[in-house]
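To keep things clear, I will list the structure first and then write my remarks on it.
Taken together, the values in this text are just the output of simple stated rules run on the coordinates, not laboratory data. Note that the coordinates shown come from a computational prediction; the quantities given were computed from them, not determined experimentally. When we count neighbours, we look across all protein chains shown, and the Cβ atoms used for this are built from the backbone with ideal geometry, even at glycine.
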Amino acid sequence: MVDPSNCFSREYQLSRFDPANKWDIIIIGGGATGIGAAVDASSRGYSVLLLESHDFGKGTSSRSTKLIHGGVRYLQQFQVGMVMESLRERGRLLQNAPQLVHELEFVIPCRSVWERFYYGTGLKLYDLLAIGSKAQSSGQVSAMELCKKFGNMKRDRFAGGVRYSDAQFDDARLVIELARSAAIHGACLLNHAPVLSLVHNGAGKTVGVVFKDRES
């Protein structure tokens, strides 16, 4: 049985690797996408080997906006399906990973009553699409409240604003938590192990990889 407290250590992961093993799935790249695929596959009972050339989550996954958002800007393009799907995923993360994901409030200053109405209407639709979510609903902000929140704003230049909530997360911690989950489900994950080449059989089908362990 896998020991959750130790299964993610590199020593343990190396001890599980055997060049003679036949893996169901080999994943190249240990970012959010690769590790997410490892969690999904290993939890379904597949034997998984994941190889990352640097630290887990070092590449694109470390250059995110740190936001978990529903894509409010996509409402302007009428991409309602995308917004609904994103909001569902935001809700799941807020519910399932409160230690990693927290609510974050945004305020949009408005220079006219029309702007407040325009943004406020769009954000009410955003609230409707996120029904059942833990995130706070949008609302109006008076000019006085706006100036209290942002002391350097001049009250006579704004007609108030609107506020809404999305979510923020620690991308590095999320990747590590996913990697730990994959390890608990039996995946073998090695960082600092760049893939040097692919191995092909006589029919030209990829059947394996050659990689280098930079740490050992």
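List of remarks:
- The chain - percent relative contact order, Cα under 8 Å, separation 6 or more: 30
- Value of Rg to Rh for region 89-202 (Rh from inverse mean 1/r over Cα pairs, i.e. Kirkwood): 1.24
- Global geometry of region 11-81, whether rounded, prolate or oblate, following the gyration tensor of its Cα atoms and the 1.5 cut on a/c: prolate
- Spin-label model, Gln95 to Phe150: label points 7 Å out along the Cα-to-beta-carbon direction sit 3.4 nm apart.
- Dipole of region 101-173 [Lys/Arg +1, Asp/Glu -1 at C-beta], most positive-end residue of Leu123, Met153, Ser165: Met153
- By DSSP, the beta bridges lying fully in the chain are antiparallel in about 75 percent of cases.
- Among Gly70, Gly31, Gly161, residue whose mean-square fluctuation peaks in a GNM of the chain (springs only between Cα atoms under 10 Å): Gly161
- 26 Å Cα-Cα threshold exceeded, pairs from Lys124/Lys148; Lys22/Lys58; Lys58/Lys212; Lys58/Lys205: Lys22/Lys58; Lys58/Lys205
- Options (1) 0.95; (2) 1.10; (3) 1.36 - which one matches Cα Rg over 2.2 N^0.38 Å as calculated here: (3)
- Cα-centred dipole magnitude for region 67-169, charges only on beta-carbon of K, R (+1) and D, E (-1), debye, nearest 20: 300
- Computed magnitude of the charge dipole of the chain (debye, nearest 20; Cβ of K, R +1, Cβ of D, E -1): 760
- Range of Cα positions in region 125-175 per principal axis (Å), largest first: 44, 29, 12
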